[in-house]
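A.B. asks: Quick one: the structure is below, questions incoming.
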Amino acid sequence: MVQNDSFIYLNLGTTYYELGKKDAAIRALQRALDLDNGSIKRELIGQIHLSLAKLYLELDNFTEAIYHAQMVSSYDPANPLSSYVLATVAVVNKQYKTAIFHLEKAIQIAKGETGLFPSVELNLAQIYLELGSCRSALGNILDAEKDFAQSLKYNPSGTLTYVLLGNCRFLHGDIKEAKKMYELALTIDPSLQNASDGLALCRANTNN
């Protein structure tokens, strides 16, 4: 290898990333992209862009995070994490409709519904939790409830999900089911204050 080999900078950038040296990682990974003469596989180029997207997201540089996340889709369309990064940027900016679009796309890719086998595994319990939270922020309680229920299918021990599902059911008047959700959350984590507060509200509205 010569000193300006793109793989040297790729490995260097990966090392800096793992060490938490974000600025140095960005410089090295960008240099790897600049020097690449076609020797790096497309999927790996996509991974470099994904790493850059995550780094810029952590640095609150949303313009660069969006650019690199979009580039991931060009090189590795079977990677759902690019859509997840775009959704995260949208949530930070309170653009919940945009976030919903990208989260739904991430789910489609992760489930293989785009016709491609997903290149990475996605935490679907977390994705559905965030999707439901976005819908809830827009006042779409019924669809949020469906997303939280889906999240629990992937992670039946998700205490926050039980609380949020309980909140949805409380808001549309199903006090009995809301109470059940809060109780399930407290069964898993008896110290969960949000669940205790929700349960108290249910009891105040049912006198038991």
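The values are calculated or read from the model by the stated rules, or taken from the named source; none is laboratory data. Keep in mind that this is a model prediction, so the values were computed, not measured. In this analysis, Cβ positions are derived from the backbone assuming ideal geometry, glycine residues included, and neighbour counts consider all displayed protein chains.
A.B. asks: For segment 83-124, which positions are among the small types (G, A, S) and either crowded, with 18+ Cβ neighbours inside 10 Å or without any contact (Cβ under 8 Å) to a residue 12 or more places away in the chain (or both)?
C.D. replies: Taking segment 83-124 and keeping what is among the small types (G, A, S), we get 83, 87, 90, 99, 106, 110, 112, 115, 119.
Of everything in segment 83-124, those that are among the small types (G, A, S) and either crowded, with 18+ Cβ neighbours inside 10 Å or without any contact (Cβ under 8 Å) to a residue 12 or more places away in the chain (or both) turn out to be S83, A87, A90, A99, A106, A110, G112, G115.
A.B. asks: Checking the condition modelled with pLDDT under 95 and either out of contact with any helix residue (DSSP H, G or I) (no Cβ under 8 Å at 6 or more places or on another chain) or farther than 30 Å from G38 by Cα (or both), which residue from K111, K153, K146, K94 passes?
C.D. replies: Values: K153 fails: modelled with pLDDT under 95; K146 fails: modelled with pLDDT under 95; K94 fails: modelled with pLDDT under 95.
One residue alone meets the criteria, K111.
Quick grid of which residues meet (1) over 19 Å from T88 (Cβ atoms); (2) touching a residue at least 24 places away in the same chain (Cβ under 8 Å); (3) of a type in the set (S, T, N, Q):
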position	(1), (2), (3)
I127	no, yes, no
S136	no, yes, yes
C168	yes, yes, no
H172	yes, yes, no
G198	yes, yes, no
A204	yes, no, no
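A.B. asks: Looking only at segment 176-191, count how many residues are over 25 Å from L131 (Cβ atoms) and in a loop (DSSP other than H, G, I, E, B).
C.D. replies: Qualifying residue count for the region: 2.
A.B. asks: Please pick out the residue among D76, D36 that is crowded, with 17+ Cβ neighbours inside 10 Å and closer than 24 Å to L122 by Cβ.
C.D. replies: D76
A.B. asks: Restricting segment 118-139 to residues that are in a loop (DSSP other than H, G, I, E, B) and of a type outside the set (A, V, I, L, M), which is farthest from the chain's Cα centre (by Cα)?
C.D. replies: Applying the filter and picking the extreme gives G139.
A.B. asks: Could you grab me the full set of residues in segment 140-175 that are part of a helix (DSSP H, G or I), of a type in the set (D, E, K, R) and closer than 24 Å to T187 by Cβ?
C.D. replies: Of all residues in segment 140-175, those part of a helix (DSSP H, G or I) come to 141-154, 159-171, 175.
Checking which are of a type in the set (D, E, K, R) leaves us with 143, 145-147, 153, 169.
Once the filter is applied, which keeps residues that are part of a helix (DSSP H, G or I), of a type in the set (D, E, K, R) and closer than 24 Å to T187 by Cβ, segment 140-175 yields E145, K146, D147, K153, R169.
A.B. asks: May I pose another question? Among the listed residues N194, N205, identify the single one that is assigned to a helix (DSSP H, G or I) and more than 22 Å from E130 (Cα to Cα). Even if it seems obvious, please write down each step before you answer.
C.D. replies: Numbers: N194 fails: more than 22 Å from E130 (Cα to Cα).
Matching residue, one of N194, N205: N205.
A.B. asks: Sticking with this structure for a sec: Within segment 1-33, how many residues are loosely packed, with under 14 Cβ neighbours inside 10 Å and more than 28 Å from the chain's Cα centre (by Cα)?
C.D. replies: 4
A.B. asks: Sticking with this one: What do you reckon, is L59 closer than 30 Å to Q108 by Cβ and modelled with pLDDT of 95 or more?
C.D. replies: Yes, satisfied.
A.B. asks: Additional query: Answer with yes or no whether N61 is among the polar types (S, T, N, Q) and closer than 14 Å to D5 by Cβ.
C.D. replies: Values: among the polar types (S, T, N, Q): yes; closer than 14 Å to D5 by Cβ: no.
So N61 fails the test.
A.B. asks: Within segment 61-82, track down each residue that is in contact (Cβ under 8 Å) with a residue 24 or more places away in the chain and charged (D, E, K, R).
C.D. replies: Of everything in segment 61-82, just one residue is in contact (Cβ under 8 Å) with a residue 24 or more places away in the chain and charged (D, E, K, R), namely D76.
A.B. asks: How many residues, within segment 175-208, are under 19 Å from N155 (Cα atoms), among the hydroxyl-bearing types (S, T, Y) and surrounded by fewer than 17 Cβ atoms within 10 Å (Cβ to Cβ)?
C.D. replies: Here the count works out to 1.
A.B. asks: While we're looking at this one, here's another question. Being buried (at least 21 other Cβ atoms within 10 Å of the Cβ), under 26 Å from N93 (Cα atoms) and aliphatic (A, V, I, L, M) is the filter here, so list the residues in segment 39-65 that pass it.
C.D. replies: Those that are buried (at least 21 other Cβ atoms within 10 Å of the Cβ), under 26 Å from N93 (Cα atoms) and aliphatic (A, V, I, L, M): I48, L50, L52, A53, L55, A65.
Condition check ((1) of a type in the set (A, V, I, L, M, F, W, C); (2) farther than 24 Å from D147 by Cα; (3) in a loop (DSSP other than H, G, I, E, B)) across all residues:
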site	(1), (2), (3)
H49	no, yes, no
L52	yes, yes, no
I66	yes, yes, no
S73	no, yes, no
A87	yes, no, no
H102	no, no, no
L116	yes, no, yes
